[in-house]
Amino acid sequence: MSQLPGTRTLAATLFVSLDGVVESPEKWSFPFWSEETQKFKLDETRASDALLLGRVTYEGFAAAWPGRKDPDGFADQFNSMPKFVASRTLKKLAWNNSHLIKGDLAAEVSKLKQQPGQDIVIHGSPGLIRSLLPHGLIDEFRFLVYPLVLGQGKRLFDEGSQASLNLVESTTFSKGVVKLVYRPADKASRAKRTGTARPKRNTKRRKA
């Protein structure tokens, strides 16, 4: 994503069921894994150099990722890049290169965006996303929507969530997962006025 000068893109990326559940995707997403999903996650990671995580997601990742290896180098980059963690309860962060965010969350995230670098990516962390939503700090929402209705589990948005988003990309993967990329409407229109908007990609549809 082309961003206004002097700021990094903060992107939220999530696996989502048809009824909006984002909790524990490791329990329901693997049957739909495909080369397209792998390429999307690999490209996303290579375009980023920092993670922003809530406590629950951080603890899950910190238990799962250290020590992993893969031929593409995904795990190595994931483990080595800086991790910024929003938590009022965690005191010690054992995962390599992890940093606890102290003070005002919105102010600290805004400072992170002003630092030089590539994308900052929020994985999961619905509570963190809802906390940042009113402050207009999230520049892009990347959803992989799965053809499942789970009926229960934590959802990304709640009754207090409000956002106006523009769909900028839609791609259907071979196993029925749909990649949807949204940007806040005000950021999209601002980028268009300043000439920094990325051309809209063509929608691709593939038969399962």
Considering residues that are of a type in the set (S, T, Y) and part of a helix (DSSP H, G or I), the number found within the stretch 56-114 is 4
Within the stretch 119-137, residues within 13 Å of R8 (Cα to Cα) and either open to solvent by 10 Å² or more (accessible area, probe 1.4 Å) or modelled with pLDDT under 95 (or both) come out as D119, L137
The number of residues in the stretch 109-118 that are open to solvent by 40 Å² or more (accessible area, probe 1.4 Å) and within 18 Å of the chain's Cα centre (by Cα) is 3
Quick count over the stretch 162-200, residues being at pLDDT below 95, within 19 Å of the chain's Cα centre (by Cα), part of a loop (DSSP other than H, G, I, E, B) and not aliphatic (A, V, I, L, M), is 3
> If you check R55 against the conditions, is it surrounded by 14 or more Cβ atoms within 10 Å (Cβ to Cβ), closer than 30 Å to Q152 by Cβ, out of contact with any Cys (no Cβ under 8 Å at 6 or more places or on another chain) and among the basic types (K, R)?
Replying inline: yes
Out of (1) over 22 Å from G160 (Cβ atoms); (2) open to solvent by 40 Å² or more (accessible area, probe 1.4 Å); (3) not charged (D, E, K, R), the one T37 does not meet is (2)
All conditions in (1) open to solvent by less than 70 Å² (accessible area, probe 1.4 Å); (2) within 25 Å of K154 (Cβ to Cβ) are true of A75 except (2)
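The values are calculated or read from the model by the stated rules, or taken from the named source; none is laboratory data. Given the structure is predicted, the values throughout are model-derived calculations rather than measurements. Here the Cβ is made from the backbone with ideal geometry for all residues, glycine too, and neighbour counts use every protein chain on show. What goes into the accessible areas is simple: the full protein's heavy atoms, side chains included, and nothing from ligands, DNA or RNA. Shrake-Rupley method; radii C 1.70, N 1.55, O 1.52, S 1.80 Å.
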